[in-house]
1. At 222 nm, what helix-only mean residue ellipticity would the chain give, in deg cm²/dmol to the nearest 500, using -39500 (n - 2.57) for each DSSP H run of four or more?
2. Below 8 Å between Cα atoms, with a sequence gap of 6+, how large is the relative contact order for segment 1-93 in percent?
3. Once the mean 1/r over all distinct Cα pairs of the chain is inverted, what Kirkwood radius in angstroms do you read off?
4. With a 10 Å Cβ neighbour count serving as the proxy for reagent exposure, in which order, fewest first, do 94, 4 appear?
5. So, in nm, how far is label residue 84 from label residue 71 when the simple model puts each one 7 Å beyond its Cα toward the Cβ?
Amino acid sequence: MFAVCVTFRIKPEHLDEFMPIMRANAATSLASEPDCHCFDVLTDPDRPDEVFLYELYNDADAFQFHLDSSHFRSFDGATAKMIESKDVLTYRGVAR
């Protein structure tokens, strides 16, 4: 499995606008990408400007398929001005 963890810091004035677009991207990813098994969007009231994603794919190629998809490119273009910062971490193995 290939896990992707993304932490967004959203400009406060764009938070209400960002979240519906983010949720739609997550739902479309799960519905249209057979190798995307999980796409959780998490928030915390103590950090309202932070949005955390946990995504799980079969492998790195499946994640690249996601990045190349039209729905991701649309999401990326629509939200670029809303994002203060974005950190991405990937994990390629399951510790047992």
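1. Calculated from helices alone, the mean residue ellipticity at 222 nm is -12000 deg cm²/dmol.
2. Contact order relative to length: 48 percent.
3. 13.7
4. So the ranking, lowest neighbour count to highest, is 94, 4.
5. 2.9
Throughout, read-outs are computed from the coordinates displayed, never taken from laboratory work. In this text the structure is predicted, and so the values were computed from the model without any measurement. So basically every Cβ, Gly included, is an ideal-geometry build from the backbone, and we count neighbours across all protein chains shown.
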